[in-house]
1. What angle, in degrees between 0 and 90 and rounded to the nearest 10, separates the Cα long axis of helix 14-25 from the longest principal axis of the Cα atoms of the chain?
2. Note the angle between two axes, namely the Cα long axis of helix 84-95 and the longest principal axis of the Cα atoms of the chain, as a number of degrees from 0 to 90, rounded to the nearest 10.
3. If I take every Cα pair under 8 Å that is 6 or more residues apart in region 7-62, average their sequence separation and divide by the length, what percent do I get for the relative contact order?
4. With a ≥ b ≥ c taken as the square roots of the eigenvalues of the C-alpha gyration tensor of region 32-72, please select rounded if a/c is under 1.5 and otherwise prolate if a/b is larger than b/c or oblate if it is not?
5. Give the peptides 82-94, 116-128 in descending order of average Cβ contacts within 10 Å, highest first.
6. Would you mind computing Rg(Cα) / (2.2 N^0.38 Å) for region 7-62, counting N as its residues?
7. Is the C-alpha gyration tensor of the chain telling us rounded, prolate or oblate? Criteria: a/c under 1.5 is rounded; beyond that, a/b larger than b/c is prolate, otherwise oblate.
Amino acid sequence: MSWPDVYLLLPGTAREALTFYHDVFGGDLDLHSYRDFRRVDGPADAIAHGVLSGPVNLMMADAGPDEDALAIQGAMLSILGEEADLLRGWFLALSDGGEVLDELEQRPWGDWDGQVRDRYGVTWLIGFTG
């Protein structure tokens, strides 16, 4: 079975965002510019395709002239796991320059979770078992 992959189109900030996510999550970062792909429909140094592979996998690009850039409402990316210290660190790192929407705290059912909107407008739900 194949699962959906997250692929975001950003308004000219894909390089900056992927570098930020690489700093937060680690993993391998692979960036390809419009120039690399011989695209002439945008700035040569814009990201035509970027991939972060590791504990968190993300793909993104700078939106082309006929594409809509990221405008997420009512959606979030969710990371749930068992590694409390790691996930607390990710929550803190994602909140730097962003906005905590719901504090990371223990819930009545015993698990921990919280929501943060990062500096690129992406909302994350981070959680772990109690």
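1. 30 degrees
2. 50 degrees
3. RCO, region 7-62: 44 percent.
4. oblate
5. Numbers: 82-94: 16.1, 116-128: 19.8.
Averaged packing, sorted descending, gives the order 116-128, 82-94.
6. Working: Rg = 10.8 Å, N = 56, 2.2 N^0.38 = 10.2 Å.
Computed over Cα atoms of region 7-62, the ratio equals 1.06.
7. Details: a/c = 2.37, a/b = 2.05, b/c = 1.15.
Prolate shape, in that a/c is at least 1.5 and a/b is the bigger ratio.
Bear in mind these aren't lab numbers, they're just calculated from the coordinates by the rules spelled out. These numbers come from a predicted model, not from an experiment. Please note: Cβ atoms are built from the backbone with ideal geometry, for glycine as well, and neighbour counts cover all protein chains shown.
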